[in-house]
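See below for the structure under consideration.
The values are calculated or read from the model by the stated rules, or taken from the named source; none is laboratory data. Keep in mind it's a predicted model, so treat the numbers as computed, not measured. Using ideal geometry, Cβ is built from the backbone for each residue, glycine included, and neighbour counts are taken over all protein chains shown. To get the accessible areas, we keep the full protein, side chains included, count just its heavy atoms, and leave off ligands, DNA and RNA. Shrake-Rupley method; radii C 1.70, N 1.55, O 1.52, S 1.80 Å.
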Amino acid sequence: QVQLVESGGGLVQTGGSLRLSCAASGSIFTIYNMAWYRQAPGKQRELVAAITSGGSTTSIDSVKGRFTISRDNAKNTVYLQMNSLKPEDTAVYYCNAALSTSRYGTVYNYWGQGTQVTVSS
């Protein structure tokens, strides 16, 4: 069994900061890409930022310069540092990991349960 557990969400004022964490645990052999998605009320889930096992990152334009994704491979953990938060960043944030549970196993996507981020104006 594999679990992704997120933490760090909450309520913050415009311009504030939050740091999200997502720790993967269980029968993990290799974690490939890790990512953060978000879903605002009435909207589709969207990719926010992603990071490869080698540390290459990508993010959507609306968060460039404000959000930073990073990971600690030794801890199977991905982080999202969010600065200069805006009300439009309000959403449930989900972490995602593409991983295998054995040496030649299939790579599957796993999701965390989500953590609420609310930015007040």
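Within the chain, what whole-number % of the accessible surface is contributed by carbon and sulfur, with the 1.4 Å probe and all protein chains included in the calculation? Let's see the in-between values first.
Values: 3050 of 6560 Å².
The computed percentage sits at 46.
Given a Förster radius of 30 Å and the C-beta distance between Asn73 and Ser17 as r, what FRET efficiency does 1/(1 + (r/R0)^6) yield to the nearest 0.05?
Values: r = 24 Å, r/R0 = 0.81.
In this case the efficiency is close to 0.80.
Give, as a single signed number, the net charge of other residues whose beta carbon lies under 10 Å from the beta carbon of Val117, with Lys and Arg counted +1 and Asp and Glu -1.
Spelling it out: positives minus negatives among the neighbours equals 0.
So what's Rg/Rh here for the chain, counting alpha carbon atoms and using the Kirkwood radius for Rh?
Radius of gyration relative to Kirkwood radius: 0.98.
Taking 41 Å as R0, compute the FRET efficiency from the Cβ-Cβ separation of Arg103 and Ala40 and round it to 0.05. List each step's numbers first, then the result.
Details: r = 39 Å, r/R0 = 0.96.
For Arg103 and Ala40, the calculated efficiency is 0.55.
When the convex hull of the Cα atoms of segment 1-49 is projected onto a plane and the area is averaged over all directions, what value comes out in nm²?
Working: hull surface 19.2 nm².
Across all orientations, segment 1-49 yields a mean hull projection of 4.8 nm².
Extension gain Gln3-Ser56, at 0.36 nm per residue separation less the Cα-Cα distance, in nm?
Here the answer is 16.7 nm.
Provide the per residue accessible area, probe 1.4 Å, for the chain, rounded to a whole number of square angstrom.
On the way: 6560 Å² over 121 residues.
Heavy-atom SASA per residue in the chain reads 54 Å².
What ranking, highest mean first, results for peptides 52-58, 68-74 when packing means the other Cβ atoms within 10 Å averaged over each residue? Could the numbers behind the result be given before it?
Details: 52-58: 11.6, 68-74: 14.9.
Result, highest mean Cβ count within 10 Å first: 68-74, 52-58.
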